[in-house]
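Step one of this worksheet: look at the structure below.
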Ligand code: SF4
């Protein structure tokens, strides 16, 4: 534990901890704090209103309410803490033994303890009270019994997950006995979850104690207890409502503070649970301030469907801001298929999602650039200027999208037909019957053998290939001008993959020029088959652009060359996948962290041709002739 | 199928354990069970009466024989007779059980109606003011014991505003409207805490669902945010929420004890409290037995329902 952790931890649990400590202090110092004897009656002044002597007034027997509240804390907390401690000791030992040794000892400890869980807690408590009579001892006993299984289960779970970890193995290797291992090596490492369980238990114990006392079956009068005070004040609530509200307030605030403390403990123990949201919001605010939009240059040529210029997308994370798309410009022409290629994390999918306005929210933001779309009715629309309702009219109608994993991209609880009908009706005023008929025609069109049946089936009833066909049918339902296909075949096996690619090609051929495709993939084999033009992305930037024949013949960027070298050559096709992969030249190194600042060429750390100059300034994306672009200083040497 | 059988067997085993434990409960207490049974009123019973009862209950038989007799009686639906009025316990329990179940069901429906939409709203507005206020309110509500909620409801709505009666019961057949009026407050008292539980689950489930691919697909189709949230998020988040709510129904069986007491609701739980106060052993044991059975059965139903809704559980 570093001191930084301690500080952050303390700040997070600050006020609940302070509140709990305060309540504990009140309980401990009750004799000093209470102005009166909590059980001394003063019947003449029953239900007396607040005065200097009795700041909160007097109860139905004339006892001082403030003193009873203060002593009530003592009673509640001592019962709760004592029973939680007893339950913890027994439960932890049971869990440790059961989890560590397993087998018979597991049966004897955990399963026996679990019997308690057969009964609703309150009922078990009442049963024991019947047998032993009410009182503090009975209460403590009952509560201890009730909370043993909780501790046993938590400990058991933690032991199972820690017992084979290195430090435990190490202790065992040193020849330590089981007891040493259990209490010396395992227990200290599961303190966190047990602490959480302990605070939970104390809160529940207070709830149960006050409940039983309220029923008159817990703490025996005249001892002060919040539950008993509420019980007593209930009869006089019309005359003296405050006498009822004070103990309620004390009870609720105590339980609330402990619960808050428990939540903070849990956050501290489990780093995943929202602990780092602060960083996220700070970063998000910074990104919102970055937004700057320059007007796009010039008009869009008539044959261009999509013109992206200087697109910048940021993804906010708690630890930093990722430059997911960094100044990306390209165009997609009518009827053309443009492949966007790159490793995962290169920003290729984010480019597609930015165009659609579907970035993860609230983390993803387009902070600059222009995305212009030529719509069906011949207008040019700036997508980055549109608000959500206007964007909605574009999605599905003008630009449709299909995704990598058809199983998770279709909603498992709705029928395939319903999901397609929904897509149609989002943009067309069609009644259900007409939309169903259209959906059926679409399914038939994408080559689904029994479209009528498919309509009524759930996604999990279809094969992967059929699911992707259904996805395509859904995407085509409004005859979009542009289809963004995000790794549409990656999750499918090779034969199905070929069929889906063939389907997409056939659909595009049917009405030449009607639909353009932006094909996002990491698979160069697919690129060779599908694309007219290729954009290679690396670290959120386009590093090379060329038409498909030339890029395969002569790459003008070292990264593209590396990608090409890592594709199995046709001569290797007979080899098994694994052995083929082993023989391939892979690009050394990994994709850079896009949250960090960088100077110079993003590929430099992995580039065999890198020079000092490459690390000085960002290489520009230069025109290298023949409609090609490259972001490499040494492109001419390739 | 296998899972189904295994799960049913476990529940049967639990029922057996409960039965045995409750039998033993009478015998492990120090003292003579017959004397205990008779000492209800707080006066020491006459030796002749004790002897007679020992005889009648077969307490002179060996323990194993008593145990067998106990099981046989239970199999015939005999839970013994109450000391208070010499009525068969089972009759009173059967008469009151539907009322308790009605209360729980009403509370669950209310909790779902309140917690689910608010949970979805908080999730959609994650991290913003709406979410923080709602989440804070929920965590506060979780800290208010149900009898405090109940008592304060009585204070405000019955004593001060005089909108509703402080408690009581009218059979549905006598006066349906009055019946609902009486049901409203106790059901609401339970649902305040329960709604907070539902809220938390719904918020978590919706947050989880919002990140699923099909939500992106739905948005890519151009659906309105409302439709996306209702049909593709909340609909999917419903399953886990309802399941966990079902799990809570079991623990509610115990939670009604306090509410029935506060509102004078004549369910099994208030029968239990009365019996505990009178130390009416047969009645206490009878109620605990029946309610525990119900508790186990309810948990079984929830587990099976869960398996039905989620095919992965069934095949695991
Ligand atoms: S600019 Fe330099 S480092 Fe970057 S790809 Fe070209 S040669 Fe390699």
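State whether one or more residues within the range A:542-557 are within 30 Å of residue A:319 (Cα to Cα), more than 11 Å from the ligand (Cβ to nearest atom) and at pLDDT 80 or above.
Within the range A:542-557 (the criterion being within 30 Å of residue A:319 (Cα to Cα), more than 11 Å from the ligand (Cβ to nearest atom) and at pLDDT 80 or above), the answer is yes, since at least one residue qualifies.
If we keep just the residues of the range A:392-409 that are buried (at least 20 other Cβ atoms within 10 Å of the Cβ) and farther than 28 Å from residue A:497 by Cβ, which is nearest to the chain's Cα centre (by Cα)?
That would be A:392.
Here are some conditions: (1) surrounded by fewer than 19 Cβ atoms within 10 Å (Cβ to Cβ); (2) touching a strand residue (DSSP E or B) at 6+ places or on another chain (Cβ under 8 Å); (3) away from every other protein chain (no Cβ under 12 Å). Residue A:348 meets all but one. Which one does it not meet?
Failed condition: (1).
Residue-by-condition table, conditions (1) surrounded by 14 or more Cβ atoms within 10 Å (Cβ to Cβ); (2) within 14 Å of another protein chain (Cβ to nearest Cβ):
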| residue | (1), (2) |
| --- | --- |
| B:88 | yes, no |
| B:119 | yes, no |
| B:144 | yes, yes |
| B:174 | no, no |
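Here is a check on your reading of the model: is residue A:534 farther than 27 Å from residue A:477 by Cβ and surrounded by fewer than 17 Cβ atoms within 10 Å (Cβ to Cβ)?
So residue A:534 fails the test.
For the range A:351-402, give me every one of the strands (runs of 3 or more DSSP E) that falls completely inside it and has 3 or more residues that are over 27 Å from residue A:302 (Cβ atoms).
A:364-374
Yes or no, residue by residue, for (1) at pLDDT below 85; (2) within 7 Å of chain B (Cβ to nearest Cβ):
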| site | (1), (2) |
| --- | --- |
| A:391 | no, no |
| A:397 | no, yes |
| A:401 | no, yes |
| A:413 | yes, yes |
| A:417 | no, no |
| A:424 | no, no |
| A:437 | no, no |
| A:443 | no, no |
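Pull up the range B:14-33, narrow it to residues that are at pLDDT below 70 and under 15 Å from residue B:282 (Cβ atoms), then point me to the one that is surrounded by the most Cβ atoms within 10 Å (Cβ to Cβ).
Within the range B:14-33, the first condition is being at pLDDT below 70, and the residues that meet it are B:28-33.
Now drop any that are not under 15 Å from residue B:282 (Cβ atoms), which leaves B:29, B:33.
Numbers: B:29: 15, B:33: 19.
Looking at the filtered set, the residue picked out is B:33.
Can you tell which of B:158, B:196 is assigned to a helix (DSSP H, G or I), at pLDDT 85 or above and within 14 Å of another protein chain (Cβ to nearest Cβ)? Steps first, answer last, please.
Numbers: B:158 fails: at pLDDT 85 or above.
Sole residue among the options that is assigned to a helix (DSSP H, G or I), at pLDDT 85 or above and within 14 Å of another protein chain (Cβ to nearest Cβ): B:196.
Please verify whether the range A:607-617 includes one or more residues that are more than 8 Å from the ligand (Cβ to nearest atom), under 20 Å from residue A:310 (Cβ atoms) and touching a strand residue (DSSP E or B) at 6+ places or on another chain (Cβ under 9 Å).
Filtering the range A:607-617 for residues more than 8 Å from the ligand (Cβ to nearest atom) gives A:612, A:616-617.
With under 20 Å from residue A:310 (Cβ atoms) added as a condition, the list becomes A:617.
Cutting the leftovers down to touching a strand residue (DSSP E or B) at 6+ places or on another chain (Cβ under 9 Å) gives us none.
Checked the range A:607-617: no residue is more than 8 Å from the ligand (Cβ to nearest atom), under 20 Å from residue A:310 (Cβ atoms) and touching a strand residue (DSSP E or B) at 6+ places or on another chain (Cβ under 9 Å).
Mind listing whichever residues of the range A:618-638 are within 9 Å of the ligand (Cβ to nearest atom) and in a helix (DSSP H, G or I)?
The answer is A:635, A:637.
Filtering the range A:508-531 down to residues that are within 21 Å of residue A:373 (Cβ to Cβ) and surrounded by 18 or more Cβ atoms within 10 Å (Cβ to Cβ), which residue is modelled with the lowest pLDDT?
Of all residues in the range A:508-531, those within 21 Å of residue A:373 (Cβ to Cβ) come to A:508, A:511-520, A:531.
Then keep just the ones that are surrounded by 18 or more Cβ atoms within 10 Å (Cβ to Cβ); that gives A:508, A:515-520, A:531.
Numbers: A:508: 83, A:515: 87, A:516: 90, A:517: 90, A:518: 91, A:519: 90, A:520: 90, A:531: 87.
For the range A:508-531, the residue satisfying everything is A:508.
Report, by residue number, each residue of the range A:597-606 that is buried (at least 17 other Cβ atoms within 10 Å of the Cβ) and more than 8 Å from the ligand (Cβ to nearest atom).
Correct list: A:606 only.
The values are calculated or read from the model by the stated rules, or taken from the named source; none is laboratory data. Nothing here was measured: the structure is a model prediction, and the numbers come from that model. So basically every Cβ, Gly included, is an ideal-geometry build from the backbone, and we count neighbours across all protein chains shown.
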